[in-house]
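The values are calculated or read from the model by the stated rules, or taken from the named source; none is laboratory data. It should be emphasised that the depicted structure is a prediction, and the values quoted were computed from it without experimental measurement. Cβ sites come from the backbone with ideal geometry, for glycine too, and all protein chains shown count toward neighbours.
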Amino acid sequence: MTSISSMPYAVRKNDSNWIKDTAEDIKKLRLKHGDTHPYYELIKDSFYCYGCYKKWIKENHTEPFDYALPKLTHYIYENGNKTHFKLRRKSQEKNHDHLKGCYFNDPSDYYKELSDSFDHIEIAEKQTARLIILNRMNQILKTEIRSSTKGLGKTIKPKASHLQTFGALQDIYNRYGESWRELPVITEDNETKKIENLLLSPDEAIDSSKQYPNKIAIVYGTIQRVEARNNGGYINIVFKQGSNKSDRPFRLSVSPYHIYNETDLQCLENRKIGCYGRLKHNQGFSQIELFSLHHQIVFLDLQKSEPCPFRTPSINIDRIQKLLTRTMEFHHSKLHSYHPEMFTFHRKAQSDFKKIKQTVQETQQKQQLLFQEKEMKIQEKNSMSVLHNTLLIDTANIKKQLLITESKIKETEKQFSNKFRRWTRFIYTGSESKEMQELKSKQNNLTIQLDSFTKQKQNIEANITNLEDTISSISSSITALEKKHASALNNFKKIKRGVEIEQQWKTHIEQDFCFLYYQENKNLWIAIQIQQNLQPEEDLIFTCKFLHNNPDYTDRIYPEKILTIIFDTPSYDLMIYQLIQKKLNQNLGQSPLKGHPIPHK
């Protein structure tokens, strides 16, 4: 069972109530006035265990009698640099044992409280604190896109509160002070170590990072400065250099994709801190990656009742724009400036509305006249067709009569060719001539009449053909006018629709925090607008709109429906910029840009 022998504070009872004393305050009193000062002589035998005091009150709901608590002695050592309280020796004090459950004697109950309050500490089988800070961060930094991550029996959710509050390590230090060194913990490497063995000065951390890369440690020291973001996008937090001047100072490094800005980290400058993490040595620099002030940082110079110095990071729109632009470049799309005269082709084309309307009216009038003329020609053709049919009937009758007459002539001629008729021909000559003459006269009349009907029929057929050609020509003219009319109406509708789409498009891109990109190969405009809600816990909303343009005119957009893709991200995810990039790539893969490869980071 873990036990803390050195205690940073104690309680004592004055005339009215119990008060809390820190070992530092008593040290200052003794060093200033000496151990023989009357006030110190009065109080030196009145110090009791603060952990036992808190345990008594928790269980009994009343303040204890002084004899119920173990008595402490105040010590100063290392030439006055160190101080603490300790239990009095058994020979000095009868009641020298801690109460059961005192967190100085057995911190397991306290660890359980921490485990219930924080997602990065657990209780191991032997009632030892197991740190899972780095495991938690690995889950947060996974490439999978999730707003929450489950693992190890707990759930991590990006919370604004986590960005401006102390974590479990700070809570432990606040409770035990320098005595926290005596506490054993189990690290993410499954090694049980006292915190004292994790603590490294910057110089020690530099040496250790070279010999044991990836080693888990708590590097402690004073922060000299927070550097501006470098060309690679990293922010470096530099410790004051120790005696080792040959190496570059130890530093904490913050990823370009991290939510923190330089101003969010300036609270560390000139502060004595400890940072928990894995040691790295890369390109001449020794460092720990800082991904969470809440999880990794311990202020070792925190004053009594000092509030948490962390500030809630603000989402930096400039950083988002650079991230969007860099990501869009992977999709062969370039950032494009916008001015109000862009995307006004259809609005300017509205000036043609009067001309289009006049064209429509003239076309309608011409169509009406042609329809009337066509109707007249059809009626005329129909009349001709009736006459033609009559002539056909009359011609058929004439042909029939002519055929009968010709038959009679042949029959008569046959009779006269008979020998008997030839012998007696002189008797009937007059009569035969008259009959034949009548038949031939009738034949001649019928032939003349047939010729007349044939000419009439031919004339009528020619007229009908001419009328049909005229009607066909009129129909072609009507069809051409209909096409012209439809084209004018379609042009009118296109312009009207184009004006609507232009207005929708311009309304979108003229919003705050909207960035315009152009993909030349696909003649495609992309406008990404960022909406940041006023409530700190609400999501960032990204609205991506896509619209094609005419290949010959960059800002002459097609009057088509604007494709819209919307996605959101938590406002205060630790790796917010990485998450934005991943979600943007994911959604662009389902957009008109999907033909281009998506980069993997």
- Name the helices (runs of 4 or more DSSP H) wholly within the range 225-333 that hold at least 3 residues that are at pLDDT 90 or above and among the β-branched types (Val, Ile, Thr)? 317-330
- Looking only at the range 545-562, which residues are touching a His at 6+ places or on another chain (Cβ under 7 Å) and of a type in the set (Phe, Trp, Tyr)? 558
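Kindly evaluate residue 206 against the criterion of being aliphatic (A, V, I, L, M), at pLDDT 90 or above, assigned to a helix (DSSP H, G or I) and under 20 Å from residue 276 (Cβ atoms).
On the way: aliphatic (A, V, I, L, M): yes; at pLDDT 90 or above: yes; assigned to a helix (DSSP H, G or I): yes; under 20 Å from residue 276 (Cβ atoms): yes.
For residue 206, the condition - aliphatic (A, V, I, L, M), at pLDDT 90 or above, assigned to a helix (DSSP H, G or I) and under 20 Å from residue 276 (Cβ atoms) - is met.
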- Query: Taking residue 201 and the conditions (1) buried (at least 18 other Cβ atoms within 10 Å of the Cβ); (2) under 30 Å from residue 127 (Cα atoms); (3) touching a residue at least 24 places away in the same chain (Cβ under 8 Å); (4) over 38 Å from the mean Cα position of the chain (by Cα), which numbered condition does it fall short on, given that it satisfies the others?
  - Reply: (1)
- Give the range 217-254 a look and list any residue that's of a type outside the set (A, V, I, L, M), within 30 Å of the chain's Cα centre (by Cα) and over 22 Å from residue 134 (Cα atoms), or say none. 229, 230, 231, 232, 233
- Task: Filter the range 300-325 down to residues that are without any contact (Cβ under 8 Å) to a residue 60 or more places away in the chain and farther than 26 Å from residue 171 by Cβ, then give me how many there are.
- Result: 4
- Task: Would you please list the contacts, defined by Cβ atoms under 6 Å and residues six or more apart or on different chains, that run from a residue in the range 462-487 that is within 20 Å of residue 367 (Cβ to Cβ) and at pLDDT below 85 to a residue that is crowded, with 16+ Cβ neighbours inside 10 Å and not basic (Lys, Arg)?
- Result: 481/363; 481/367; 484/363; 485/363
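Of the residues that sit in the range 534-543 and are within 19 Å of residue 584 (Cα to Cα), in contact with a Ser or Thr (Cβ under 7 Å, 6 or more places away or on another chain) and of a type outside the set (D, E, K, R), which one is modelled with the highest pLDDT? Steps first, please.
Just the residues of the range 534-543 that are within 19 Å of residue 584 (Cα to Cα), to begin with: 538-543.
Those left that are additionally in contact with a Ser or Thr (Cβ under 7 Å, 6 or more places away or on another chain): 538-540, 543.
Narrowing further to those that are of a type outside the set (D, E, K, R): 540, 543.
On the way: 540: 89, 543: 95.
Only one residue tops the list, namely 543.
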- Query: If you take the residues in the range 441-486 that are under 60 Å from the mean Cα position of the chain (by Cα), of a type outside the set (D, E, K, R) and surrounded by 15 or more Cβ atoms within 10 Å (Cβ to Cβ), which one is nearest to residue 355 (Cα to Cα)?
  - Reply: 485
- Would you call residue 305 on the phi > 0 side of the Ramachandran plot and in the same structural domain as residue 222 (by TED's automatic domain parsing)? yes
- Query: Given the range 1-116, what helices (runs of 4 or more DSSP H) lie entirely inside it while holding 3 or more residues that are exposed (fewer than 15 other Cβ atoms within 10 Å of the Cβ), out of contact with any helix residue (DSSP H, G or I) (no Cβ under 6 Å at 6 or more places or on another chain) and touching a residue at least 24 places away in the same chain (Cβ under 8 Å)?
  - Reply: none
- Message: Considering only the range 226-237, I want to know if a residue exists there that is in contact with a Phe, Trp or Tyr (Cβ under 6 Å, 6 or more places away or on another chain), assigned by TED's automatic domain parsing to the domain that holds residue 186 and in contact (Cβ under 8 Å) with a residue 12 or more places away in the chain.
- Response: no
